[in-house]
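The values are calculated or read from the model by the stated rules, or taken from the named source; none is laboratory data. Note that the structure is a prediction, hence the values are computed from the model and not measured. All Cβ positions, even for glycine, are placed from backbone atoms using ideal geometry, and neighbour counts span all protein chains on display.
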Amino acid sequence: MSEKLISLAKARFDYESNKKVLKEKYEAKMTFASAGGLWKASPELLTTLLVCPDDEAVILDTYGTPIKVNVKELYAETQQRWQEQMNAWLVELNSK
């Protein structure tokens, strides 16, 4: 019985460790350069871009630098990057 518990605990630890490694891997891939700034694809950036009423806006990049951007273009790039990486992350997590 105790060997089975040890085996289950080890499998759970391996899963959590693998999940952490994949999170770091795919979060690094969320960063991209566009419009003279460095951005991280995230729900926060997507939401910020969605609530901008104009075609152009000044928003802060990941370094805290104000950058004037075309809202629709940056939204499209951010959404594409986010979805591609989240899909790849899910596939890799489920394959292990």
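What to note about this one:
- Counting residues in segment 58-66 that are at positive phi and surrounded by fewer than 13 Cβ atoms within 10 Å (Cβ to Cβ) gives one or more.
- Selection within segment 80-95 - out of contact with any Lys or Arg (no Cβ under 9 Å at 6 or more places or on another chain) and at pLDDT below 90: ASN94, SER95
Per-residue answers, yes or no, for (1) in contact (Cβ under 8 Å) with a residue 24 or more places away in the chain; (2) of a type outside the set (D, E, K, R):
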{"site": "GLU24", "(1), (2)": "no, no"}
{"site": "THR31", "(1), (2)": "yes, yes"}
{"site": "THR47", "(1), (2)": "no, yes"}
{"site": "PRO53", "(1), (2)": "no, yes"}
{"site": "VAL71", "(1), (2)": "no, yes"}
{"site": "TYR75", "(1), (2)": "yes, yes"}
{"site": "GLN79", "(1), (2)": "yes, yes"}
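- The set of residues in segment 1-36 being of a type in the set (Asp, Glu) and at pLDDT 90 or above consists of GLU24, GLU27.
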